[in-house]
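Since every read-out is calculated from the coordinates, none of them should be taken as a lab result. Everything quoted here is computed from the prediction, not taken from an experiment. Glycine also receives a Cβ, built like all others from the backbone with ideal geometry; neighbour counts cover every protein chain displayed.
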Amino acid sequence: MYICLEGIDGSGKSTQILLLEKWLNDYGYEVLRIFEPTDSATGKLIREILKDPRATEDNFQKTLALLFAADRMVLMDTIRAAEESGKAVISDRCFYSSIAYQNPQSVSDSNQKQDSDTSWLYELNKFVKKPDIVILLDLDVEKAISRCDGNDSFENKAFLEKIRNRYLELARTNDFFVINANNGVNKVHEDIKKVISPKIGRCI
């Protein structure tokens, strides 16, 4: 079982992944936690670029899309091996993040075309394994910014508003489970368990 948690910066993915791991462990599941960007050389380069003030510009976003796709491939054998051994895989982001973030027209000026062509991003990630379950932690942007440390250029209101809208669009077209992340940590965790429980034959 391959589970991915998605959401804008500050939506609480890291906290919820740790809680979900513990809950699955309690039911006897071994869990592999993964995250994007990874700790590979490519992942470290991505982290440096994210700090650049120009990181939200279209050309930087296209560069990041290429780097994320390369970094993502590092994880594929690890995910497959974990699933073959019966482990649950929980990912902090997957290729849907690139569709949301590295889609220039979707995050550009509001006067420009909004239904931009994402086919190149899907093509770029065509060898990437899709998660079995995608959970979108949907959070108000102002609350998200209040939780961020301000280190990344992505952490500004106008940019994150557009990314949030793109995520909600993806959720509608790709059957994500959308959870209100404006609620407290425990309530969000309970909502996530309600999504996962039927998949593992458990009642809560």
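At a glance:
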item: Distribution of pairwise C-alpha distances over the range 2-200, 5 Å bins, in %; result: 1, 7, 16, 20, 22, 17, 11, 5, 1, 0, 0
item: Vicinal HN-Hα couplings computed from phi for the range 172-189 (Karplus, 6.51 cos²θ - 1.76 cosθ + 1.60; Hz; Gly/Pro x); result: 5, 8, 10, 6, 5, 8, 9, 10, 6, 8, 6, 6, x, 4, 5, 5, 4, 4
item: Relative contact order of the range 2-200, pairs being alpha-carbon contacts under 8 Å that are 6 or more residues apart, as %; result: 33 percent
item: Free-standing Cys residues across the chain, given no other cysteine C-beta under 4.7 angstrom; result: Cys148, Cys203
item: Label point distance in nm, Lys44-Arg172, each placed 7 Å from Cα along Cα→Cβ; result: 4.2 nm
item: Over the chain: helical MRE at 222 nm, DSSP H runs n ≥ 4 each giving -39500 (n - 2.57), nearest 500; result: -15500 deg cm²/dmol
